[in-house]
Amino acid sequence: MRDKTMTADEVVSRLESGMTLGIGGWGSRRKPMALVRALLRSDVGDLTVVSYGGPDVGMLAAAGRIRRLVTAFVTLDSIPLEPHYRAARERGAFALTEVDEAMFMWGLHAAANRLPFLPVRAGIGSDVMRVNPELRTVTSPYEDGETFVAMPALRLDAALVHVGRADRRGNGQYLGPDPYFDDLFCEAADAAYVSCEQIVDTAELTKEAPPQTLLIKRHTVTGVVEAPQGAHFTSCAPDYGRDEAFQKEYASLPWAEFAGRFLADGDEQAYRAAVRAWHEERS
């Protein structure tokens, strides 16, 4: 079977301005940050970003790469509201489509099943319908006659996700407590790129972990990137927790200052070296 390994920069070379890009993970947990940083090193922009947002959204928003954001929230978890996202939103840097968490999930389900929409109860009786006047409702054709929100499919041109381990064929395994819908992002996309802490032989994926941890199936994956610490500064359980001290630094610095110190030198190795130097300075 085909070897799908590539570098982060090769992944970004396949992305184009104007795309709809899904980014997996949840808040400040298991975000594909190495791929996001590679994207920031490119000139790709004018993106519609679909994400349960964290620093992925904050960085892309601060860098002016987002045209529209589709999300249920943008948080750093231990810091409730992502500050760079907030600043960009307050200055009107991009359009926003904000929906309920369950509506977002069913939008991914609809896209994964190549349906135009799915009926959901979430959103009924809330301001979601007021702030998203383009949303429509449907009435059950059966005896109950219930009214539902018709959640449109969140169809993606490309998806970026990060997992603990993967093989060269594109099978991806999570070893933490939550899948964070990364499989749906891959299934909803025309092309899906998986970064991982470690690439292993296929047999190793089930040697010490149960088969249900094999979250991402190879037929949904276009490329695989080995990226140790690739979720930093978000968590990637059980490999590492969130780098809370560094996240606090990110949240407190003006974007230009943060990017100038940690993202300006041109590759992931330079980013890691800058982070190590920062931690050494603090100690």
Quickly estimate the mean residue ellipticity at 222 nm for the chain, helices only: each DSSP H run with n ≥ 4 gives -39500 (n - 2.57), and the total goes over all residues, rounded to 500. -8000 deg cm²/dmol
Just to compare against my own numbers: the Cα pair-distance distribution for the stretch 77-223, 10 Å bins, whole % per bin, please. 10, 29, 31, 21, 8, 0
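Roughly speaking, what is the stretch gain from Thr147 to Asn132, that is 0.36 nm per residue apart minus the C-alpha to C-alpha distance, in nm to one decimal? It would help to have the intermediate numbers written out before the result.
Numbers: separation 15, 0.36 × 15 = 5.40 nm, distance 1.71 nm.
Full-extension gain reported as 3.7 nm.
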Normalised by the residues of the chain, what does the relative contact order come to in percent, with Cα pairs under 8 Å and at least six apart? 20
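Just rank Leu175, Leu156, Leu215, fewest to most, by other beta-carbon atoms within 10 angstrom.
Values: Leu175 16, Leu156 28, Leu215 21.
Least crowded to most crowded, the residues run Leu175, Leu215, Leu156.
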Based on the Cβ-Cβ distance of Arg114 and Leu81, what FRET efficiency does E = 1/(1 + (r/R0)^6) give at R0 = 35 Å, to the nearest 0.05? 0.50
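Per the Kirkwood definition applied to all pairs of different Cα atoms, how many angstroms is the hydrodynamic radius of the chain?
Values: mean 1/r = 0.0519 Å⁻¹.
It is 19.3 Å.
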Enumerate the residues in the stretch 13-39 having an amide nitrogen under 15 Å from the point lying 7 Å beyond the Cα of Gln198 toward its Cβ. none
Highest GNM mean-square fluctuation, the chain, Cα pairs closer than 10 Å: which of Asp144, Asp201, Asp100? Asp144
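Excluding same-chain pairs closer than 8 in sequence, count the lysine pairs in the chain whose Cα atoms lie under 20 Å apart.
Details: Lys4/Lys217; Lys31/Lys217; Lys31/Lys248; Lys207/Lys217.
Eligible lysine pairs with Cα atoms under 20 Å apart amount to 4.
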Could you let me know the centre-to-centre spacing of the stretch 13-87 and the stretch 137-151, using Cα atoms, in angstrom? 34
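Hey, fewest Cβ within 10 Å first, where do Phe94, Phe73 land in order? Numbers along the way, then the final one.
Values: Phe94 21, Phe73 18.
Starting with the residue having the fewest Cβ neighbours, the order is Phe73, Phe94.
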Dipole magnitude (debye, nearest 20) for the stretch 159-283, charges at Cβ of Lys, Arg, Asp, Glu: 120
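Work out the FRET efficiency for Ala274 and Ser42 from their Cβ-Cβ distance, taking R0 = 25 Å, and round it to the nearest 0.05. Can you show the working numbers first?
Numbers: r = 19 Å, r/R0 = 0.77.
Calculated transfer efficiency: 0.85.
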Residue with peak Gaussian network fluctuation, the chain [Cα springs, cutoff 10 Å], from Pro55, Pro152, Pro254: Pro254
Taking each pair of distinct Cα atoms in the stretch 110-175 once, what is the resulting Kirkwood hydrodynamic radius in Å? 14.8
Using a cut-off of under 11 Å, list every residue of the stretch 240-262 whose amide N is near the label point 7 Å from the Cα of Arg282 along the Cα-to-beta-carbon line. 243-251
Per residue of the stretch 16-26, what does 6.51 cos²θ - 1.76 cosθ + 1.60 with θ = phi - 60° give for ³J(HN,Hα)? Whole Hz please, x for Gly and Pro, Karplus curve as stated. 10, 4, x, 6, 9, 10, x, 10, x, x, 8
Tell me the label-point distance for the pair Ala259, Met6, using the 7 Å Cα-to-Cβ offset, in nm and rounded to one decimal. 2.4
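Every number in this text was worked out from the coordinates using simple rules, so none of it is lab data. Bear in mind the structure is a predicted one, so any value in this text is a computation, not a measurement. Please note: Cβ atoms are built from the backbone with ideal geometry, for glycine as well, and neighbour counts cover all protein chains shown.
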